[in-house]
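Colleague: Structure provided below as structure tokens; questions to follow.
The values are calculated or read from the model by the stated rules, or taken from the named source; none is laboratory data. As the structure is a computational prediction, the values presented were derived from the model and not from experiment. Cβ coordinates were reconstructed from backbone atoms using ideal geometry, including for glycine residues, and neighbour counts include every protein chain displayed.
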Amino acid sequence: MTAAARRSSFAELFTPKLVTVLREGYGFTDLKADAIAGLTVAIVALPLSMAIAIASGVTPERGLYTAIVGGFLVSALGGSRFQIGGPAGAFIVLVAATVEAHGVDGLILATMLSGLILLAIALLRLGSFIKYIPYPVTVGFTAGIAVIIFAAQVKELLGLTLSGREPAPLLPKLQALWDALPTVSPAAVAVAALSIATILVLRRRRPTWPAFLIAVALASVLAAAAGLPVATIGTRFGDIPAALPAPHLPDMSLASITAVLPAALSFALLGGIESLLSAVVADSMSGARHRSNVELAAQGLANVASALFGGFCVTGTIARTATNVRAGARGPVSGMLHALFLLLFILVAAPLASYIPLAALAGVLAVVAWNMAERHEFATLLRASRGDAAVLVVTFLLVIFRDLTEGILVGFGMGALLFIHRMSQAVEVDRPGPVRRGGADAGAGDDGFDAALAADREVIVYRISGAFFFGAAAAVGFALDRVGENPKAYVLDLSDVPVLDSTAAATIQGFARKARRRGVAVYITGAGPGIRRTLLRHGVRPPLARFRSGIDEAVEAVHHGIRPPSGSGGATAA
């Protein structure tokens, strides 16, 4: 490929979907549809962004900054037509832990670094590898996050007054909440119950209505009108600023970067997984196809920009993206408009946010946690197989009682080992009765078998079936080592081997060397170009072994003057 062609391919690979949509033709009808969808998503995102920010241990306006700045760039530069970016419930645990350990400044620095990491992953074209997360791991950590989010809302749902700071670990948190039960506030319970009931009723009776916003607005009006003694955004955090802050760089000293780097890596890993899962959901709903690396590059830039404006982690949000598709969006403009609508709220109606009861926002997040739990998928995986159930339960428990990143990494490792075990069991080495023919001699209507070859005692044929890789190399090597016959030649048929790695090549090389010392020739048949290249790189070549297209061709070579190699290792004719 020429340099110009490579540049063209790279540019096409990293072209945002917004450019693609505009090239296809974008008119007033499309803009109108995107405006309606953007407004619909903004109505959903408004209470969620503030609720997620509060649950994450930061002020509510930072959630809005994240949705405005990050959400705009995710849509403008992303690789999905319908992706909506912003703060996500999946990040609550990590963000809260980062704020606890490093403060808000550390959170902002970790967010910026995670954006640079995502950008590097995208430029290296590693986006496709992030998707290789086993499904039990995804369900396990999502369910674990849901449990932690719900536990974190109990204090506001019940209006409890704790004697000290609320612990972050789950078991101490539950103990502290239990000790504080005598301080329960009936007013807070009533507001939270009203919010949850409103959301559930509207979703059942009026699924197209913005249930979150209506529930929060109704709870705010009733609490203010009745003068209920409940904590609100205003009493806890003060007024929300009526403008975006000026961009500001966090402290980027080496010590600060070193301290928050583990959190940044966790943000990047979870953000990449969450955004690509959301893009896949959008694809399945719309029939479109996203560009993984473009999406990750946009997520990276959005996180850097969000940090500059005082926001935190940005990722693709599944619920808001699905709302965008269902609302009739035509392209990324809807996501950009959703961000602008949120900005308009800050500029015009920010003072109204101070009346929102924290119990109402806790009710919103309680519903979010319930929906995140994926209860049916969890139950299905528990019944699916012991291996999948083990991966699921271990991931779930580690997320709850240890750490989200540790849960993902351990779950991924267990899933990979489980896959290797299953693949190794699928590899077979057999000595077929009637030997399968191959090559040019197999004509139309040929049943593929030759009884004469099966009766040939001078040639022993072994067929390997399945992915021949390091996980199966020991079993295949053991089977080959048990070969006790001493014929003129062995034929290893690899016609049914789709993949062969270096460990497998070394196994074949070892078998061929043993056969050579016994004066027995080795022929390899049915090897595709990629498999043949791997074998040649590992020294599996004449005179150690010879390649033929089919078994019949190898047998023909044995019977027409191909002398077996001598035990001393002398060269033979090809």
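Colleague: Being touching a Gly at 6+ places or on another chain (Cβ under 6 Å), polar (S, T, N, Q) and over 20 Å from A53 (Cα atoms) is the filter here; which residues of the range 323-370 pass it?
Modeller: Residue satisfying the conditions is S334 alone.
Colleague: Can you give me the number of residues within the range 370-416 that are at pLDDT below 85 and of a type in the set (S, T, Y)?
Modeller: The total comes to 1.
Colleague: Would you pick out the residues in the range 197-226 that are surrounded by 14 or more Cβ atoms within 10 Å (Cβ to Cβ) and either outside the structural domain of V44 (by TED's automatic domain parsing) or under 23 Å from R326 (Cα atoms) (or both)? Walk me through it before giving the result.
Modeller: Step one: of the range 197-226, the residues surrounded by 14 or more Cβ atoms within 10 Å (Cβ to Cβ) are 198-200, 202-203, 210-220, 222-224.
Result: T198, I199, L200, L202, R203, P210, A211, F212, L213, I214, A215, V216.
Colleague: Considering every residue within the range 230-241, establish whether at least one is assigned by TED's automatic domain parsing to the domain that holds L48, at pLDDT 90 or above and more than 30 Å from A101 (Cβ to Cβ).
Modeller: There is at least one residue in the range 230-241 that is assigned by TED's automatic domain parsing to the domain that holds L48, at pLDDT 90 or above and more than 30 Å from A101 (Cβ to Cβ).
Colleague: Moving on. Of a type outside the set (A, V, I, L, M, F, W, C), crowded, with 24+ Cβ neighbours inside 10 Å and touching a Phe, Trp or Tyr at 6+ places or on another chain (Cβ under 7 Å): is that true of T111 in this structure?
Modeller: It is true that T111 is of a type outside the set (A, V, I, L, M, F, W, C), crowded, with 24+ Cβ neighbours inside 10 Å and touching a Phe, Trp or Tyr at 6+ places or on another chain (Cβ under 7 Å).
Colleague: For D450, which of the numbered conditions (1) modelled with pLDDT of 60 or more; (2) crowded, with 18+ Cβ neighbours inside 10 Å; (3) in contact with a Lys or Arg (Cβ under 8 Å, 6 or more places away or on another chain) fails to hold?
Modeller: (1)
Colleague: In the range 514-540, which residues are over 38 Å from the mean Cα position of the chain (by Cα) and surrounded by fewer than 16 Cβ atoms within 10 Å (Cβ to Cβ)?
Modeller: K514, R517, R518, G519, G539
Colleague: So, one more: What residue, of S278, S354, S306, is in contact (Cβ under 8 Å) with a residue 40 or more places away in the chain, surrounded by fewer than 24 Cβ atoms within 10 Å (Cβ to Cβ) and not hydrophobic (A, V, I, L, M, F, W, C)? Even if it seems obvious, please write down each step before you answer.
Modeller: On the way: S278 fails: surrounded by fewer than 24 Cβ atoms within 10 Å (Cβ to Cβ); S306 fails: surrounded by fewer than 24 Cβ atoms within 10 Å (Cβ to Cβ).
So the residue among S278, S354, S306 that is in contact (Cβ under 8 Å) with a residue 40 or more places away in the chain, surrounded by fewer than 24 Cβ atoms within 10 Å (Cβ to Cβ) and not hydrophobic (A, V, I, L, M, F, W, C) is S354.
Colleague: Of all the helices (runs of 4 or more DSSP H) wholly in the range 281-371, which have at least 2 residues that are within 17 Å of T59 (Cα to Cα)?
Modeller: Ranges flagged: 292-308, 333-349.
Colleague: Give the residues of the range 14-34 that are loosely packed, with under 10 Cβ neighbours inside 10 Å and not in a helix (DSSP H, G or I), sorted by residue number.
Modeller: G25, G27
Colleague: Right, next: Considering only the range 372-402, state which residues are outside any helix (DSSP H, G or I) and surrounded by fewer than 16 Cβ atoms within 10 Å (Cβ to Cβ).
Modeller: Across the range 372-402, the qualifying residues are S385, R402.
Colleague: Filter the range 237-269 for residues that are in a helix (DSSP H, G or I) and of a type outside the set (A, V, I, L, M, F, W, C); which is surrounded by the fewest Cβ atoms within 10 Å (Cβ to Cβ)?
Modeller: For the range 237-269, the residue satisfying everything is T258.
Colleague: Just a yes or no: is a residue in the range 116-123 of a type in the set (G, A, S), assigned by TED's automatic domain parsing to the domain that holds F309 and surrounded by fewer than 16 Cβ atoms within 10 Å (Cβ to Cβ)?
Modeller: Yes - at least one qualifying residue is present in the range 116-123.
Colleague: Name the residue that is surrounded by the most Cβ atoms within 10 Å (Cβ to Cβ), counting only residues in the range 39-63 that are of a type in the set (A, V, I, L, M) and farther than 18 Å from N324 by Cβ. Step through it out loud before you land on a result.
Modeller: Within the range 39-63, the first condition is being of a type in the set (A, V, I, L, M), and the residues that meet it are 39, 41-46, 48, 50-55, 58.
Filter once more, keeping what is farther than 18 Å from N324 by Cβ: 50-51, 53-55, 58.
Details: M50: 27, A51: 29, A53: 26, I54: 25, A55: 27, V58: 24.
Among those that are of a type in the set (A, V, I, L, M) and farther than 18 Å from N324 by Cβ, it is A51.
Colleague: Here is a check on your reading of the model: is A176 of a type outside the set (F, W, Y) and either surrounded by fewer than 24 Cβ atoms within 10 Å (Cβ to Cβ) or over 20 Å from the mean Cα position of the chain (by Cα) (or both)?
Modeller: The answer is yes for A176.
Colleague: List the pairs whose first member sits in the range 243-255 and is under 27 Å from L343 (Cβ atoms) and touching a residue at least 60 places away in the same chain (Cβ under 8 Å), whose second member is among the hydroxyl-bearing types (S, T, Y) and not in a loop (DSSP other than H, G, I, E, B), and whose Cβ atoms are under 9 Å apart, counting only residues at least 6 apart or on separate chains?
Modeller: Qualifying pairs under 9 Å: L244/Y65; P245/Y65; P250/T111; P250/S256.
Colleague: Sticking with this one: Mind telling me which of the residues A298, A322 ends up being buried (at least 22 other Cβ atoms within 10 Å of the Cβ) and either assigned by TED's automatic domain parsing to the domain that holds V74 or in contact with a Lys or Arg (Cβ under 8 Å, 6 or more places away or on another chain) (or both)?
Modeller: Answer to the check: A298.
Colleague: Does the range 486-504 hold any residues that are farther than 19 Å from G550 by Cα and either outside any loop (DSSP other than H, G, I, E, B) or without any contact (Cβ under 8 Å) to a residue 24 or more places away in the chain (or both), and which are they?
Modeller: S502, T503, A504
Colleague: Would you please list the contacts, defined by Cβ atoms under 6 Å and residues six or more apart or on different chains, that run from a residue in the range 531-543 that is of a type in the set (S, T, N, Q) to a residue that is surrounded by 14 or more Cβ atoms within 10 Å (Cβ to Cβ)?
Modeller: T534/L500; T534/A505
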